[in-house]
Structure formats: structure tokens, C-alpha cells
Amino acid sequence: MVHPVLSLRRPRLDAGFSLAELVIVIVVVSIAGIAFASMFTEAVKSYQFVDSEKGMLQAGRYAEERITRELRRVKDPNSIVTAGPTTFTFVDRSDATISFSWSGVSGADLLYTRNGSSHTLAAGVDSLSFGYYRNDGSAAAPLVAPAATDIWRVTVYLRLVRGTQKVETFGAAFVRLP
């Protein structure tokens, strides 16, 4: 038998959520979603920026190391053909003609040429500058034709650009003359 008090209970009117409560929850969740999306977008942009900078820095370091390694192979004091601000050409110990050159146009490639065969050493060069020094540390004059030279040390300044990002490297190498 059913108890008379239990059968008189009415259904509760406040069961569930009101429309106002649902709207408030939707607005709060939407604001949190927008904030999270903007933070995620910024994190992705930061990652892309760092990744791009890392790639340019690796390319710059590779170019600097390659130039340094090749400069140690200069055949003799008469083997330097051109020692200009953006071009350095010489004959190495295996009688190969080696050249590093840049056209001077921002965004152009730094070229490595060996016996007439060119390869891109670094892409997107914004600036390249060779500096030449004697063994006493004073500046050596640039060289435009094969001649005996007093160039003992070469410095290389290289700046790469990709979009708005720029990476600079600076290196120096001693020319090993016999």
C-alpha cells in the first residue's frame, strides 16, 4: 500500500537548468575557448619564429665553417686571385680555383664555386663582408689580381634574412700559407 503523504508530493519545478543559466555557461565557456585559442596561436607563432631563426643560424654557421675550412687550403702567397669586400677567390693546394661570392643584392645567395661549378652556400644573404689583415693585425689592402699578398687573416661578416627575421654571424680564419 502507498503511503498517503508520499502520493501527495508534487513534481519539483526547479529540476534542470534555466535558459539564463545555460546562456551564462555558454558565454563563459566561449570566452575561455577564445582565450585558449589566442594563447595557442601565439605559441605556434613563437615556435615558427624560433624554428626559422634556428634554421638561418645553422645555415650561417655552416657557411662560416666552410669558408674557414677552405681558407686554410690556400696554396701559397701568390694564390689569392681576388680579395674584395664581397668576393674571395684563390687557388687551393690541389690547384682547384675556389671562390666565395655574393652579388650585393639583399636576399641573393652566397655562392661557393669550385673549378667553375657553383653551389649555394647560404640562401637569403642580406649582407656579406670580408675583412683582410696582416700578421701584425693591421688592415691589409684588398687584392684584385693574382699577386703576392700579405693577407694573413680573413674575417667574414654574414647576415641572413627571411621575412622580418635577421641572423648575423661573424668569423675569422687564418690563411695557412706555406
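The values are calculated or read from the model by the stated rules, or taken from the named source; none is laboratory data. The structure presented is a predicted model; accordingly, all values stated were derived computationally and were not measured. Virtual Cβ from ideal backbone geometry, glycine too; neighbours counted across all protein chains shown.
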| query | So, in region 88-111, of the ones that are aromatic (F, W, Y) and part of a strand (DSSP E or B), which residue ends up nearest to A63 (Cα to Cα)? | reply | F100
| request: Working only within region 69-104, note down all residues that are of a type in the set (D, E), within 16 Å of F174 (Cα to Cα) and free of Cβ contacts under 8 Å to residues at least 60 places away in the same chain. | output: E70, D92
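Given the criteria more than 29 Å from K54 (Cα to Cα), polar (S, T, N, Q) and crowded, with 17+ Cβ neighbours inside 10 Å, does T169 qualify? Walk me through how you get there before you give the answer.
On the way: more than 29 Å from K54 (Cα to Cα): no; polar (S, T, N, Q): yes; crowded, with 17+ Cβ neighbours inside 10 Å: yes.
In short, no.
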| task | List every residue pair whose Cβ atoms sit under 7 Å apart, with the two residues 6 or more apart in sequence or on different chains, where the first one lies in region 39-64 and is on the phi < 0 side of the Ramachandran plot and the second, anywhere, is of a type in the set (K, R) and surrounded by 14 or more Cβ atoms within 10 Å (Cβ to Cβ). | result | S52/R162; M56/R162
| said: Anything in region 41-70 that is at pLDDT 90 or above, more than 12 Å from the chain's Cα centre (by Cα) and among the hydrophobic types (A, V, I, L, M, F, W, C)? List them, or say none. | reply: I67
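Somewhere in region 48-64, is a residue closer than 21 Å to P142 by Cα, in contact with a strand residue (DSSP E or B) (Cβ under 8 Å, 6 or more places away or on another chain) and surrounded by 13 or more Cβ atoms within 10 Å (Cβ to Cβ)?
Keep residues of region 48-64 that are closer than 21 Å to P142 by Cα, which gives 64.
From what is left, the residues that are in contact with a strand residue (DSSP E or B) (Cβ under 8 Å, 6 or more places away or on another chain) are 64.
Remaining after also requiring surrounded by 13 or more Cβ atoms within 10 Å (Cβ to Cβ): 64.
Yes.
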| When D109 is evaluated against the numbered criteria (1) buried (at least 16 other Cβ atoms within 10 Å of the Cβ); (2) touching a Lys or Arg at 6+ places or on another chain (Cβ under 8 Å); (3) without any contact (Cβ under 8 Å) to a residue 24 or more places away in the chain; (4) of a type outside the set (G, A, S), which criterion, by number, is the only one it fails? | (2)
| note | Residues of region 128-166 being polar (S, T, N, Q), within 24 Å of S106 (Cβ to Cβ) and modelled with pLDDT under 90, in sequence order, are T164, Q165
